[in-house]
1. Given q = 0.11 Å⁻¹, what are the Debye log10 I(q)/I(0) values for the chain, with equal point scatterers placed on the Cα positions and solvent ignored?
2. Show me 70-77, 13-20 ranked by packing, highest mean number of other Cβ atoms within 10 Å first.
3. Which ³J(HN,Hα) values in Hz, rounded to whole numbers, follow from the phi angles of segment 19-25 under the Karplus curve 6.51 cos²θ - 1.76 cosθ + 1.60, where θ = phi - 60° and Gly and Pro get x?
4. Roughly how many nanometres apart are two label points built 7 Å out from the Cα toward the Cβ at Val158 and Ala213?
5. Consider all pairwise Cα distances in segment 2-56 and report the whole-number % of them above 16 Å.
6. Using 1/(1 + (r/R0)^6) with R0 = 35 angstrom and r between the beta carbons of Thr74 and Ile105, what's the FRET efficiency to the nearest 0.05?
7. Provide the percentage of antiparallel DSSP beta bridges, counting only those with both residues in the chain; round to the nearest 5.
8. How much length, in nm to one decimal, is gained on full extension between His174 and Asp229, taken as 0.36 nm per residue of separation minus their Cα-Cα distance?
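What follows draws every value from the coordinates through simple rules; no lab data is involved. Keep in mind it's a predicted model, so treat the numbers as computed, not measured. Neighbour counts run over all protein chains shown; Cβ positions are idealised from the backbone, glycine included.
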Amino acid sequence: MATQTPARPLAGRVAVVTGASSGIGEASAEHLAWLGARVAVLARRAERLNDLVARIEKNGGQALALTVDVTDTTAVRTAAERMAAELGGADLLFNNAGVMLPAPIEELATDQWQRQIDLNITGLMNTIGAFTPQLVKAAGERGVADLINTSSIAAHGVFPNFAVYSATKAYVTHLSRHLRVELGPKNVRVSAIEPGIVGTELQNHVTDDGALAWLESSKETVEWLTPQDIAQTIGFIASLPPRANLQQVTIMPTAQPS
C-alpha cells in the first residue's frame, strides 16, 4: 500500500461508487479520488461518467468509468471483474444508487413501487454480491475494507406518501447492521449513512404533487445539505483507523426537525 499522508489518507485504496453520474455519488467519487483512492464510477449515463473521470484525472487522480445498470446482475458482475483487472480489487464500496418516488398508496403506482424496489434493494444486493469477495480479500491483505450503503432518515421516520421508499431504506439500514456483524470479524467495516434532505437530482424524479409541494416549502425554512456534505462524510468514515467502524451515521440539515 502506498504511504498515506494527512492530506491523502486513502492513498493506495481502491473505491467503487455506484450512482456516480450525479449528486452524492458524483461528489463522493471526486472526494475519494482527492483523498488518494483510485476510483471506479458506475452508473447508466456514460457521458456523465466520462466527464467525471476527466475531471478526476485533471486533478491528478485515477478513475475508471463503468456504464452499468445495477439492477442487471450479470452486468454488475462483469463490471466487478473488469475493475479488478484494471484497478485492482476494491477495498471500498460506496453503494449509493437509488431512487425516490413518493406517492399515495391508493394511487396504486405499481410501476414506481417496483422501480424503487429494483434499484434501492435489488441493485444494492447485486453490487454487494459482486464486490464483497473483493472487499474480504482486500481486508485480509491490508487489514481493512469498507462497505458503505446509502440509506436515509426515512428509514426511521414516518412520512405520508413515502411508504415504499421508506421501506426500501429501512431494508438498507437493517441489512447494513447485519452485514457489519457478519463481515466485521473479517475486517470489513459496514456503515449505513442516513441523510436528511440533500439537494440532488433525486427530487427531479418525484411526480407526486403533494411531495413536490412539501419539498419546495421546506426550502423556506431549511438549508438543504449538499452532495459535498455527504461526500466529506464518506471520506471521513473511510479514513478512520481500522479499529473504528461508524455503524450508522445520520446527517441532517441543521434546521430540519425530522
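1. The calculated log intensity ratios at q = 0.11 Å⁻¹ are -0.55.
2. 13-20, 70-77
3. x, 8, 7, 6, x, 4, x
4. Output for this residue pair reads 2.2 nm.
5. That tail contains 36 percent of the Cα-Cα pairs.
6. That gives a FRET efficiency of 0.60.
7. Roughly 5 percent of the beta bridges in the chain run antiparallel, per DSSP.
8. 17.4 nm
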